[in-house]
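Each remark here refers to the structure printed beneath this line.
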Amino acid sequence: MTTPPSASLHRLRGLVLPLVVLVIGACASAGRAGGQAGAATLPALDSARLLADVFRLSHDSMGGRPAGSAGNAKARAWLVSELRRLGLEPVSGSHEHPFAVARRGSADSLRGVNVLGMIRGRSAEAKVLVVSAHYDHVPPRNGVVYNGADDNASGTSTLLQMAAHFRANRPEHSIVFAFWDAEEMGLVGARAFVANPPMALASIVANVNLDMVARGDKGELYAAGATPYPQMRPILESLVPQAAVTLRLGHDSGGGQDDWTNQSDQGAFHAAKIPFVYFGVEDHPDYHQPTDDPEKIDGKFFYGAARTIAAFVVRLDRAALTWPARP
Ligand SMILES: [Zn+2]
């Protein structure tokens, strides 16, 4: 590995600046007044499996799942078996999509592998929503495993439960569930997908990316993307009063450390002008530490966040039917 944990992308996230708080103030106040009143309208997911899968992925036997490692391959094999069990189709003939990861200061490259599975849409099959989360994390240091429970076993597990939901409730658009590899080395898996896409980029309606969605230390889940892509704002704002967690909009403008646009895999889609919404929590004391363990997760917050994100994808799937085609 050439990228130490301290240099990887999320590390740039700092505390929220007062300016950002002001910018998002209007939406945030709606979030505070919201809460759980409308939770009955959110998709029901398998909460026990949601949490059990985070424990599985962040077990020491997975070694933190860094790209190119045996633990990463073990996690990947399990993800593929889950996609098959859930009945998701391969994409371009395979669930596994390898790519090369250049290593700084070295001529040889490392092999990363994205895992993809598709559900065909009912009325807009040729148009695709890419719903994604990275499954890799950072390598051990001095023999200590960084389990990456929140970052990003949480998003990975949420994607599997969303896939189960949409298998039982067929979407209008086709949905590709994408599990990225080598995010921690610079969004490499997502960039490889966009550079060599298995479908025309113009057919991709939007990317919904999940990265760190389980830690409810503040009870808040952020949705970024409505500033660069205002078509997302009414969908998100209508969800705020019904969300099962405090849903706040922000972290998507200004270009500084508190602008998360390019700090996870949605950045690769934004670079191709594909609209995105990113869901995640603010940094916590265990962020990129060996203590990012599943025992630290508040199951109630995590389940609420997963249901809220699933509800967003349901609403995006309907709303985007009337959007004009992208150039
Ligand atoms: Zn992450």
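Quick note: the coordinates plus some simple rules give every number you see, no bench work behind them. Only a predicted model underlies this, so the values are computations on that prediction, with no experimental measurement involved. Counting neighbours? That spans all protein chains shown, and the Cβs are built from the backbone with ideal geometry, glycine included.
Some values worked out for this structure:
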item	result
Any chance Ile274 is surrounded by 19 or more Cβ atoms within 10 Å (Cβ to Cβ), hydrophobic (A, V, I, L, M, F, W, C) and closer than 16 Å to Ser154 by Cβ	no
Complete set of residues in region 99-112 that are under 14 Å from Gly186 (Cα atoms) and aliphatic (A, V, I, L, M)	Ala100, Val101, Ala102, Leu110
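Residues are listed down the side, and each one gets a yes or a no for (1) within 13 Å of the ligand (Cβ to nearest atom); (2) part of a helix (DSSP H, G or I); (3) over 16 Å from Thr261 (Cα atoms); (4) among the hydrophobic types (A, V, I, L, M, F, W, C):
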{"site": "Gly189", "(1), (2), (3), (4)": "yes, yes, yes, no"}
{"site": "Phe193", "(1), (2), (3), (4)": "no, yes, yes, yes"}
{"site": "Met199", "(1), (2), (3), (4)": "no, no, yes, yes"}
{"site": "Asn209", "(1), (2), (3), (4)": "yes, no, no, no"}
{"site": "Ala223", "(1), (2), (3), (4)": "no, no, no, yes"}
